[in-house]
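J.: Encoded as structure tokens, here's the structure I'll be asking about.
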Amino acid sequence: MTQREVEVNWEDQNRINQFSKLNTRMDRLEDEYKAQKTEKEYLDDLAMEIELLDEDEPVLYKIGDAFVKIPLEDAQARLEKAKEDIDSCVDDLDSQITQISTEMDELKKTLYAKFGQAINLERN
């Protein structure tokens, strides 16, 4: 059984290129998503540890590359702000991943309809 040969026209090539770009972008976004989720877990663990500290003792808090002693309440406020920022970033990444996945699915349908098994668009 031989596969039928299908000519790749300019529009098809653009769709294939677009799919490739989206696939690469999806990989980067997924890596960033995992990194942000890990950072969120670290912040959650830190928040639990901070609750056990004495309220009268200053806390060493990392700002940039330096550690600065700040009151416990300030450290907790900064930590909450950092968690909110991470949550916002994770939500944004999730939204972008969903949008790209939808675009890739549409391109897959179009390309598989024309090329069938002659093209592989599945992610590893």
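J.: Take ARG28 and tell me if it is within 26 Å of ARG123 (Cα to Cα), of a type in the set (Lys, Arg) and at pLDDT 95 or above.
T.: When the stated conditions are applied, ARG28 passes them.
J.: Also, I was wondering about something else. Would you check which residues across segment 33-46 are surrounded by 14 or more Cβ atoms within 10 Å (Cβ to Cβ) and among the hydroxyl-bearing types (Ser, Thr, Tyr) and list them?
T.: TYR33
J.: Hey, another quick one. State which residue is farthest from ASP44 (Cα to Cα) when the search covers only segment 81-91 and only residues that are charged (D, E, K, R) and without any contact (Cβ under 8 Å) to a residue 12 or more places away in the chain.
T.: Kept after step one, since they are charged (D, E, K, R), are these residues of segment 81-91: 81, 83-85, 87, 91.
After this cut, where a residue has to be without any contact (Cβ under 8 Å) to a residue 12 or more places away in the chain as well, the list is 81, 84-85, 91.
Values: LYS81: 12, GLU84: 11, ASP85: 13, ASP91: 17 Å.
Only one residue tops the list, namely ASP91.
J.: Right, here's the next one. Which residues, taken from segment 58-104, are of a type in the set (D, E, K, R) and either within 15 Å of ARG28 (Cβ to Cβ) or out of contact with any strand residue (DSSP E or B) (no Cβ under 9 Å at 6 or more places or on another chain) (or both)? So that I can check it myself, show each step before the final result.
T.: Applying the first criterion (of a type in the set (D, E, K, R)) to segment 58-104 yields 62, 65, 69, 73-74, 78, 80-81, 83-85, 87, 91-92, 94, 103.
Scanning segment 58-104 gives ASP65, GLU73, GLU80, LYS81, LYS83, GLU84, ASP85, ASP87, ASP91, ASP92, ASP94, GLU103.
J.: For segment 11-32, check the following and say yes or no: at least one residue is farther than 24 Å from LEU111 by Cα, open to solvent by 70 Å² or more (accessible area, probe 1.4 Å) and part of a helix (DSSP H, G or I).
T.: yes
J.: Output the residues belonging to segment 47-72 that are surrounded by fewer than 14 Cβ atoms within 10 Å (Cβ to Cβ) and within 31 Å of the chain's Cα centre (by Cα).
T.: The answer is MET48, GLU49, GLU51, LEU60, LYS62, ILE63, GLY64, ASP65, ALA66, PHE67, VAL68.
J.: Which pairs turn up if I take residues in segment 110-122 that are under 12 Å from GLU5 (Cβ atoms) and look for partners that are open to solvent by less than 60 Å² (accessible area, probe 1.4 Å) with beta carbon separation below 6 Å, at least 6 apart in sequence or on another chain?
T.: Close Cβ pairs satisfying both conditions: PHE115/VAL6.
J.: Just the residues that are in a loop (DSSP other than H, G, I, E, B) and open to solvent by 40 Å² or more (accessible area, probe 1.4 Å), please, taken from segment 73-124.
T.: Looking only at segment 73-124, we keep the residues that are in a loop (DSSP other than H, G, I, E, B), and these are 119-124.
Listed by number, the residues that qualify are ASN120, GLU122, ARG123, ASN124.
The values are calculated or read from the model by the stated rules, or taken from the named source; none is laboratory data. Quick caveat: nothing in here was measured; it's all calculated off a predicted structure. All Cβ positions, even for glycine, are placed from backbone atoms using ideal geometry, and neighbour counts span all protein chains on display. Protein only, heavy atoms only, side chains kept; ligands, DNA and RNA dropped before computing areas. Shrake-Rupley method; radii C 1.70, N 1.55, O 1.52, S 1.80 Å.
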